[in-house]
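The values are calculated or read from the model by the stated rules, or taken from the named source; none is laboratory data. Here the structure is a predicted model, which means the values were calculated and not measured. For neighbour counting, all protein chains shown are included, and Cβ atoms are generated from backbone atoms with ideal geometry for every residue, glycine included. Surface areas here come from the heavy atoms of the whole protein model, side chains and all, with no ligands, DNA or RNA. Shrake-Rupley method; radii C 1.70, N 1.55, O 1.52, S 1.80 Å.
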Amino acid sequence: YFQAFHNVRIFNDSLQAVCDSLYYTSKDSVFRLYKDPLVFSNKSQIAGDTINLFTKNRKADKIYVFDNGIIINEVNKQMYNQAAGRTLTGYFLNGVIDYVRVKGSPAESVFYPQDDDSAFTGMNRCKGDVIDIYFVDKAVNKVKFINDVDGIFFPIRQIPQDQRQLAKFKWLDSRRPKN
């Protein structure tokens, strides 16, 4: 095992992370990130109170976020798909994020759906007990809501400025290790 303290940085070509403290053991191949942890995978950022990053064959396999989990996926500089809840569990395929389940009371999301021609149709802001997020080609492809779903869809030209971001939204790309 090893421990790291204060300004911990992890860099890999497909995944980067920062936190204050880290504990890793080869017995279970889990990185435990504490105090303001952030994990970056392509155009996605994951944050929460504590993050466990499970690895298999030296690649990210699963991520579990305890309390205050949020995933943000950058669509472009003005649009960010977001989902937040009490806990967040994500799965990787070949080291790339593939699927995320957000549980909360409630779990919330902001999602920008696209039509068949890749044009944005608007913004969907919803909450429910569980939110499933599916990725294709490193971008959010589909969002599914389970139980007690409540939401609103705004046409692209009528999105209120105060509805574009969840309360926990903080895009922290400046903290991302670049090399």
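Evaluated at 25 °C with a viscosity of 0.890 mPa s, what Stokes-Einstein diffusion coefficient in µm²/s does the stretch 9-110 have when Rh comes from the Kirkwood expression over alpha-carbon pairs? Can you show the working numbers first?
Details: Rh = 13.6 Å.
Answer, rounded: 181 µm²/s.
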For the charge dipole of the chain, defined by +1 on Lys and Arg C-beta atoms and -1 on Asp and Glu C-beta atoms about the Cα centroid, which residue among 174, 5, 133 has the Cα displaced farthest towards the positive pole? 5
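Given a cut-off of under 8 Å on Cα pairs at least six residues apart, what relative contact order in percent is computed for the chain? Working shown, then result.
Details: 465 pairs, mean separation 27.4, N = 179.
For the chain, the relative contact order is 15 percent.
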Which value, in Å² and to the nearest 10, is the accessible area of residue 55 when all protein chains are kept and the probe is 1.4 Å? 30
Quick one: how many Å² of residue 34 are accessible to a 1.4 Å probe, rounded to 10? 90
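Quick check on my link table: of 43/168; 56/168; 103/168; 62/103; 27/103, which ones sit more than 26 Å apart, alpha carbon to alpha carbon? Intermediate results must be reported in sequence, preceding the final value.
Working: 43/168 18 Å; 56/168 30 Å; 103/168 15 Å; 62/103 16 Å; 27/103 28 Å.
Over 26 Å Cα-Cα: 56/168; 27/103.
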Across 5 Å bins beginning at 0, the whole-percent shares of Cα-Cα pair distances in the chain come to 2, 8, 18, 21, 21, 14, 9, 5, 2, 1, 0
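Using a 1.4 Å probe on the protein chains only, how many percent of the accessible area of the chain belongs to carbon and sulfur?
On the way: 4530 of 9970 Å².
Answer for the chain is 45 percent, counting heavy atoms of protein chains only.
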For the chain, built as a Gaussian network whose Cα springs stay under 10 Å, the top-fluctuating residue of 148, 117, 162: 117
Probe 1.4 Å, all chains present, heavy atoms only: residue 71 accessible area in Å², nearest 10, is 10
Placing each pseudo-label 7 Å from Cα in the direction of the beta carbon, residue 167 and residue 144 end up separated by a distance in nanometres of 2.8
Report the residue, chosen from 155, 113, 37, that carries the largest GNM mean-square fluctuation when the chain is represented by alpha-carbon nodes joined by springs under 10 Å. 155
Could you check the simple spin-label distance between residue 77 and residue 118, using points 7 Å along Cα→Cβ, in nm with one decimal? 1.9
